[in-house]
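Notes to accompany the following structure.
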Amino acid sequence: MTYASLARYYDLENAAFTEDLDLWIELAEEHGDPILELGCGTGRVLLPLAQRGYAVTGVDNSPDMLARLRDKLKSGRLKTAPILLEANLATFAVETRFALALMPFNTFMHLLSLEAQLAALTNIRRHLRPGATLALDVINPAEAYAAPEAGLALERSFADGDRAVQVFSSLHLDRAAQLGHITWLYDSVGEAGSVQRTSVPLTMRYTFPGEMRLLLERCGFNLTHLYGDYDRSPFGDDSARMIVLAKAITDNQ
């Protein structure tokens, strides 16, 4: 799936989602810049970092999402404009070596095989300084696997100009393959009751804690922290999120 059909709604439906921003800003304060954001999209995380003066490079493979981010940057209000790359996480290449890399809100879950995960992590490590930190945020697979599959569910509603948009979703879990096949339905309702429906299919891969540790070690990282929420509370079975912090192993380790 590309984000072509989702890009027009992304900012509208995520405008109120700010719960994770304090964490990314705290990590920037702790580790400094330059900062690499993987899956930067329309800039929900990248822009608050850039507005605070951090040097940020954003990578995303969606031209539609990046086009919306570039439109936002035309205001010229940032002292240091971020660098944007339309590229794959496994193959992007820049000369900069970063102090911090961020993969917010399920970006890692778009890597649908072990091979894709290893390729991306290896390339990210290649772009980090020894001792730099990688932080990524995914769904806790234990909670997802325990939940029974439901039918079509209303997730959220938001306004799009004079139209109301209702977002429905259905999820099919392939637990053996560690894949979640999601279909989002965006119903845009006009004043006269006319409905325009956009269907957005998406597949994401669940990664378990032990598996994550091995992936990171294979690619030149040491897992340092597992958190269960954006307040850095301990990770457990009932945590909604699995937030991973890993350190790039120095050359002599």
Using alpha-carbon positions, the gyration tensor of region 16-111 gives root eigenvalues a ≥ b ≥ c; with a/c under 1.5 called rounded, otherwise prolate if a/b exceeds b/c, else oblate, the class is rounded
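I need to check one value: relative contact order of region 202-253, counting alpha carbon pairs closer than 8 Å and at least 6 residues apart, in percent. Walk me through the numbers before you get to the answer.
Working: 56 pairs, mean separation 16.3, N = 52.
About 31 percent, as a whole number.
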Looking only at aspartates and glutamates whose Cα falls under 12 Å of Lys72's and that sit 8 or more positions away or on another chain, we get Asp11
The size of the Cβ-based charge dipole (Lys, Arg +1; Asp, Glu -1) of the chain about the Cα centre, to the nearest 20 debye, is 760
Under the rule rounded for a/c under 1.5, else prolate if a/b exceeds b/c, else oblate, using alpha carbon gyration tensor axes a ≥ b ≥ c, region 143-205 is classed as prolate
Excluding residues fewer than 8 positions from Lys247 in its own chain, the aspartates and glutamates with Cα under 17 Å of it are Glu26, Glu29, Glu30, Asp33, Glu37, Asp137, Glu211, Glu217
Per the 1/(1 + (r/R0)^6) rule, R0 = 22 Å and r from the Cβ atoms of Glu19 and Val94, FRET efficiency to 0.05 is 0.15
The rounded separation in angstrom of the Cα centers of region 147-221 and region 23-61 is 24
Treating every alpha carbon of the chain as one equal point scatterer without solvent, the Debye formula yields log10 I(q)/I(0) values at q = 0.14 Å⁻¹ of -1.01
Checked region 58-183 against the a/c 1.5 cut and the a/b vs b/c comparison, axes a ≥ b ≥ c from its Cα gyration tensor; verdict oblate
Residues Phe108, Phe158 in order from fewest to most other beta-carbon atoms within 10 Å are Phe158, Phe108
Helix 114-126: inclination vs the chain longest Cα principal axis, degrees, rounded to 10, gives 50
Rounded to the nearest 5, the percent of antiparallel DSSP beta bridges in region 1-125 equals 0
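Going highest first, how would you order 44-50, 244-250 by mean Cβ packing within 10 Å? Working shown, then result.
Details: 44-50: 22.6, 244-250: 20.4.
Peptide ranking by packing, descending: 44-50, 244-250.
Suppose we keep just the DSSP beta bridges with both residues in the chain; what percent of those would be antiparallel, to 5? If you can, show how the numbers build up before the last one.
Numbers: 43 of 59 bridges.
The antiparallel fraction comes to roughly 75 percent.
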Under the 7 Å Cα-to-Cβ spin-label approximation, Thr198 and Arg232 lie apart by a distance in nanometres of 3.7
Tilt, helix 209-218 to longest principal axis of the chain (alpha-carbon atoms), in degrees rounded to tens, equals 50
For Asp187 and Ala81, extending 7 Å from Cα along the Cα-Cβ vector and measuring point to point gives, in nm, a value of 4.3
With the dipole of the chain defined by +1 on each Lys or Arg Cβ and -1 on each Asp or Glu Cβ, the option from Ala248, Thr224, Asn106 whose Cα lies farthest towards the positive pole is Ala248
With the 8 Å Cα cutoff and a minimum separation of six or more residues, the chain has a relative contact order in percent of 17
Taking Cα atoms only, helix 63-73 is inclined relative to the longest principal axis of the chain by an angle, in degrees rounded to 10, of 80
Expected vector for region 32-41, Karplus 3J(HN,Hα) from phi with 6.51, -1.76, 1.60 and θ = phi - 60°, integer Hz, x for Gly and Pro, equals x, 10, x, 10, 10, 10, 9, x, 6, x
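Out of all DSSP beta bridges with both ends in region 143-205, state the antiparallel percent to the nearest 5. Present the calculation step by step, with values, prior to reporting the outcome.
On the way: 29 of 29 bridges.
Counting DSSP beta bridges with both partners in region 143-205, the antiparallel share is about 100 percent.
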Extension length gain for Leu214 and Arg8 (0.36 nm per residue less Cα distance), in nm, is 70.4 nm
Interchain or sequence-distant (5+) residues whose placed amide H lies within less than 5 Å of the amide H of Arg163 are none
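Here, each number is a calculation from the coordinates, and none is a lab measurement. It should be emphasised that the depicted structure is a prediction, and the values quoted were computed from it without experimental measurement. Note that we place each Cβ from the backbone using ideal geometry, even for glycine, and neighbour counts take in every protein chain shown.
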